[in-house]
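Encoded as structure tokens, the structure appears first; notes follow it.
The values are calculated or read from the model by the stated rules, or taken from the named source; none is laboratory data. The shown structure was predicted, so the numbers you read here are calculated from the model rather than taken from an experiment. Every residue, glycine as well, gets a Cβ built from its backbone with ideal geometry; the counts of neighbours run over all protein chains shown.
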Amino acid sequence: MKLKLSLKGNELNAALAGELDEHSAADVRRKLDDALRDPDITRVVFDMRSVTFMDSSGIGVILGRCRRLIERGGSMNVINAQRSVEKVLRISGVYKLCNERSGR
Amino acid sequence: MKNYLYASFPSLTCNESLARGVCAQFAIMLDPTVEELSDVRTAVSEAVTNAIIHGYGNADGQVVMELEAEDDMLTVTVRDTGRGIEDIELARRPFYTSKPGEERSGMGFAVMEAFMDSVEVESAPGRGTTVIMRKRFLRDG
């Protein structure tokens, strides 16, 4: 699993690539949390375009970061998921949490 | 046509991708759609992850995966001899997790149920867990 982080203003774009399962989740979680040490980041956009597989371990990673962002008054979004990944996201209610508190 | 495969591997998370790859390769002979095949991969990944994380709690153990293909039906059995589940009904409930401090989604069984036609769970504390999942591939569905 590859993770490319880019910061634009207060928004962190996290472009993931490859397979996100329990095995790869720990590394992704650690890298995201390192980036989120910057208190100015109030929004994370997970770009799932190149994620070829994800199970509920990935949901844990996304929801955990979402919780942290909401705690600091921020928000998140999950975009560009392929059909199989999108299905797991939908079942888990992740899309309902997207853009919460965004004020837009 | 009837076919069968037995696989046994140590409870290492790197074997999750191995297990779903083997299962997908096996299922291809039943001529699934792309979507059906990815459903199977996801469900298998959930069951194997449960065995490794919950069954053995990251300790050493052996996970057994049995695959059976008969006509248009795939049966996947994932078995561990780990700690077992005390309350199966509770464990299957969406968003329930026995490890709340570890940021788990609690969606493992819910995903298996959504992606397979049926999911049976047999378990006893201290004796391990067996998950039996079935999916029929409807070619003209």
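Tell me whether the stretch B:12-20 contains one or more residues that are over 20 Å from B:Ser98 (Cβ atoms), within 13 Å of chain A (Cβ to nearest Cβ), crowded, with 20+ Cβ neighbours inside 10 Å and touching an Asp or Glu at 6+ places or on another chain (Cβ under 6 Å).
Within the stretch B:12-20, none of the residues are over 20 Å from B:Ser98 (Cβ atoms), within 13 Å of chain A (Cβ to nearest Cβ), crowded, with 20+ Cβ neighbours inside 10 Å and touching an Asp or Glu at 6+ places or on another chain (Cβ under 6 Å).
Check B:Asp60 against each of (1) away from chain A (no Cβ under 14 Å); (2) more than 18 Å from A:Glu22 (Cβ to Cβ); (3) not in a helix (DSSP H, G or I) and name the one condition it does not meet.
Here B:Asp60 meets the rest and fails (2).
All but one of (1) in contact with a strand residue (DSSP E or B) (Cβ under 7 Å, 6 or more places away or on another chain); (2) away from every other protein chain (no Cβ under 14 Å); (3) at pLDDT 95 or above hold for B:Ile52, so report the exception by its number.
(2)
Suppose the filter is within 13 Å of another protein chain (Cβ to nearest Cβ) and without any contact (Cβ under 8 Å) to a residue 60 or more places away in the chain; does B:Arg83 pass it?
The answer is no for B:Arg83.
Check every one of the helices (runs of 4 or more DSSP H) wholly within chain A and list those with 1 or more residues that are among the aromatic types (Phe, Trp, Tyr), without any contact (Cβ under 8 Å) to a residue 40 or more places away in the chain and on the phi < 0 side of the Ramachandran plot.
Result: A:94-97.
I'm told A:Gly58 meets every condition in (1) within 14 Å of chain B (Cβ to nearest Cβ); (2) over 20 Å from B:Glu16 (Cβ atoms); (3) surrounded by 15 or more Cβ atoms within 10 Å (Cβ to Cβ) except one. Can you identify the failing condition by its number?
(2)
Among what's in the stretch B:21-61 and is among the charged types (D, E, K, R) and within 10 Å of the chain's Cα centre (by Cα), pick the residue that is surrounded by the most Cβ atoms within 10 Å (Cβ to Cβ).
Ranking the candidates gives B:Glu46 first.
Taking B:Ala91 as the residue in question, decide whether it is under 24 Å from A:Gly64 (Cβ atoms), more than 13 Å from chain A (Cβ to nearest Cβ) and not in a strand (DSSP E or B).
For B:Ala91, the condition - under 24 Å from A:Gly64 (Cβ atoms), more than 13 Å from chain A (Cβ to nearest Cβ) and not in a strand (DSSP E or B) - is met.
If you take the residues in the stretch B:62-93 that are touching a strand residue (DSSP E or B) at 6+ places or on another chain (Cβ under 6 Å) and more than 30 Å from B:Met1 (Cα to Cα), which one is surrounded by the fewest Cβ atoms within 10 Å (Cβ to Cβ)?
Residue satisfying both the conditions and the ranking: B:Ile88.
Any chance the stretch A:11-26 includes a residue that's over 13 Å from the mean Cα position of the chain (by Cα), farther than 18 Å from B:Arg20 by Cβ and within 11 Å of another protein chain (Cβ to nearest Cβ)?
yes
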